[in-house]
Amino acid sequence: DAFENRVKKLTNKPFTYTVEYKYDGLRVVAKYSGGLLKNCATRGNGVVGEDITAQVRTIKNVPQSIKYRGDVTVMGEVLMRLSVLEQYNKTAAEPLKNARNAAAGALRNLDTKVTASRNLNAYMYDILLSEKDFKTQTEVHNFLNEECFDTFDFYKIKE
């Protein structure tokens, strides 16, 4: 509400915006070409990220292929659910301290079997590059859902 009031005061015009959850995971950028997942990277330094393609391929809810055949780069968060962390720590020789670090460590692990064993999830929320023109966040959200990406379950349009 405070954000909305500040913008209304500054612009003095009606506007529409979307509201979504912000999960605290590790940002992932995934490039698809010809409908196939080609490569994935972390945010890194904002320009160059670490190649985590093999690790992301072990995440069950990341599509290996999509219907859209053009080039598209999607962005989202990889995270470990708290229930998964709790379950993991019950049998771990060395318990993990928190879910964010658990996800980050799993994605940076060179052994993809370790990554797969952490039961990570990815939630996409943006498109960085695309041959398709998206004019609104709602169009982006709809595209991601149509292409079977998991998106955050809270999505609201405010006017």
Using Cα pairs closer than 8 Å and at least 6 residues apart in sequence, work out the relative contact order for region 103-159, in percent.
-> 30 percent
How about Lys9: which aspartates and glutamates have a C-alpha closer than 19 Å to its C-alpha, ignoring those fewer than 8 places off in the same chain?
-> Asp1, Glu159
How far is helix 82-91 tilted, in degrees, relative to the longest principal axis of the Cα atoms in the chain, given as a value from 0 to 90 rounded to the nearest 10?
-> 10 degrees
Quick one: angle between helix 99-108 and the longest Cα principal axis of the chain, in degrees between 0 and 90, rounded to 10, please.
-> 70 degrees
With everything on Cα atoms, drop me the angle between helix 137-146 and the longest principal axis of the chain, reported from 0 to 90° to the nearest 10.
-> 40 degrees
Percent RCO, i.e. relative contact order, over region 1-68, from Cα pairs under 8 Å lying at least 6 residues apart | 21 percent
Tell me what the chain gives for mean residue ellipticity at 222 nm when only DSSP H runs of n ≥ 4 count, each as -39,500 (n - 2.57), the sum divided by the residue total, rounded to 500 deg cm²/dmol.
-> -8500 deg cm²/dmol
Percent relative contact order of region 18-138, based on C-alpha pairs within less than 8 angstrom and at least six residues apart?
-> 31 percent
Using packing as a proxy for protection, rank 14-27, 95-108, 56-69 so that the peptide with the highest average count of other Cβ atoms within 10 Å comes first.
-> 95-108, 56-69, 14-27
Cross-link table Lys132/Lys156; Lys38/Lys90; Lys8/Lys97, entries beyond 31 Å C-alpha to C-alpha = Lys38/Lys90; Lys8/Lys97
Based on the Cβ-Cβ distance from Thr91 to Arg43, what FRET efficiency comes out when R0 is 35 Å, to the nearest 0.05?
-> 0.65
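FYI, it's all coordinate maths here, none of it is from the lab. Bear in mind the structure is a predicted one, so any value in this text is a computation, not a measurement. Here Cβ is always computed from backbone atoms with ideal geometry, including for glycine, and neighbour counts include all displayed protein chains.
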